[in-house]
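See below for the structure under consideration.
The values are calculated or read from the model by the stated rules, or taken from the named source; none is laboratory data. The shown structure was predicted, so the numbers you read here are calculated from the model rather than taken from an experiment. When we count neighbours, we look across all protein chains shown, and the Cβ atoms used for this are built from the backbone with ideal geometry, even at glycine. Surface accessibility is based on the protein's heavy atoms, side chains included, excluding ligands, DNA and RNA. Shrake-Rupley method; radii C 1.70, N 1.55, O 1.52, S 1.80 Å.
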Amino acid sequence: MSDQLTLSAEARDRAGKGASRALRREGRVPAVIYGMNEEPLSIHVEEKLLGKLLGTGHFFNSVVMVEVNGKAVRTLPKDVAFHPVTDRPLHADFLRVSEHASVTVAVPVRFENEDASPGLKKGGVLNIVRHDVELVVDASEIPDDVVVDLSGFEVGDSIHISAVKLPKGAKPAIEDRDFTIATIVAPSALKSAGAEAEEAPAEAEGE
């Protein structure tokens with residue numbers, strides 16, 4: 001399960017582009033906390049601390065306790081806007097959640113047992129269609145990743161979500177189709193060899 005993260009914040013009195021620019025010059029990032037039928041709360045956080053959390057690799061599928069004026073607010077990060085040139089965070093959105101709320105999060109996909117895939121052992125290539133999967137989970141049980149077992153898959157096989165053992169209590173946000181996570185494809189060298197083998201009999205027949 002993803003660790004619970006903590007982020008200190010201060011209430012933001014002034015809104016508008018000018019106030020936001022002033023905060024950024026001071027190394028702060030404007031942000032907002034919304035949801036749960038409460039008024040949106042404008043805050044600002046330290047850019048370095050936000051960057052550190054972003055660097056964990058699981059910021060967007062972790063509960064973040066935002067501490068504002070001594071009060072901790074349980075949130076789920078929903079969006080961070082970045083500067084197109086410098087990649088500095090410009091603004092962040094946090095969604096209030098209760099401890100056991102049902103939330104939708106994008107969870108990274110991790111593949112294991114590549115050595116047990118006949119298709120990969122023959123030289124096939126793992127073509128990843130989805131690097132993460134949106135799951136509906138309990139806010140207190142957000143998984144670190146979705147593990148896909150590659151055992152037994154051959155060249156030409158597609159790995160669908162139905163073949164993946166999901167963490168307890170989790171279900172796909174997409175329920176109307178059995179979507180593809182990855183495929184095992186033949187490398188171009190194998191494809192070329194196969195094409196040549198098919199063409200050879202045809203040439204022989206023409207002689």
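What the table below lists for this structure:
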quantity	calculated
Near pairs, Cβ below 9 angstrom, 6+ apart or cross-chain, from segment 22-47 (free of Cβ contacts under 8 Å to residues at least 40 places away in the same chain and part of a helix (DSSP H, G or I)) to any residue that is of a type outside the set (K, R) and crowded, with 18+ Cβ neighbours inside 10 Å	L23/V29; L23/P30; L23/H44
Output for segment 119-140, where each listed residue is in a loop (DSSP other than H, G, I, E, B) and in contact (Cβ under 8 Å) with a residue 24 or more places away in the chain	K122, G123, G124, V129, R130, A139, S140
Residue within segment 14-36 that is open to solvent by 60 Å² or more (accessible area, probe 1.4 Å), at positive phi, modelled with pLDDT of 90 or more and touching a strand residue (DSSP E or B) at 6+ places or on another chain (Cβ under 9 Å) present	yes
Among residues of segment 88-99, those that are open to solvent by less than 40 Å² (accessible area, probe 1.4 Å) and farther than 17 Å from V29 by Cβ, counted	2
Qualifying position, being out of contact with any strand residue (DSSP E or B) (no Cβ under 7 Å at 6 or more places or on another chain), among the hydrophobic types (A, V, I, L, M, F, W, C) and either surrounded by fewer than 13 Cβ atoms within 10 Å (Cβ to Cβ) or not in a loop (DSSP other than H, G, I, E, B) (or both), among V73, V107, V103, V85	V85
Residue match in segment 45-64 (condition: more than 19 Å from the chain's Cα centre (by Cα), modelled with pLDDT of 90 or more and among the small types (G, A, S))	no
Residues satisfying the stated conditions in segment 146-157, i.e. buried (at least 16 other Cβ atoms within 10 Å of the Cβ) and over 14 Å from R110 (Cβ atoms)	F153, V155, D157
Lone unmet requirement of (1) within 29 Å of T180 (Cα to Cα); (2) open to solvent by 50 Å² or more (accessible area, probe 1.4 Å); (3) part of a loop (DSSP other than H, G, I, E, B); (4) not hydrophobic (A, V, I, L, M, F, W, C) for P143	(2)
Residue that is within 17 Å of F111 (Cβ to Cβ) and of a type in the set (V, I, T), where the choices are V136, V129	V129
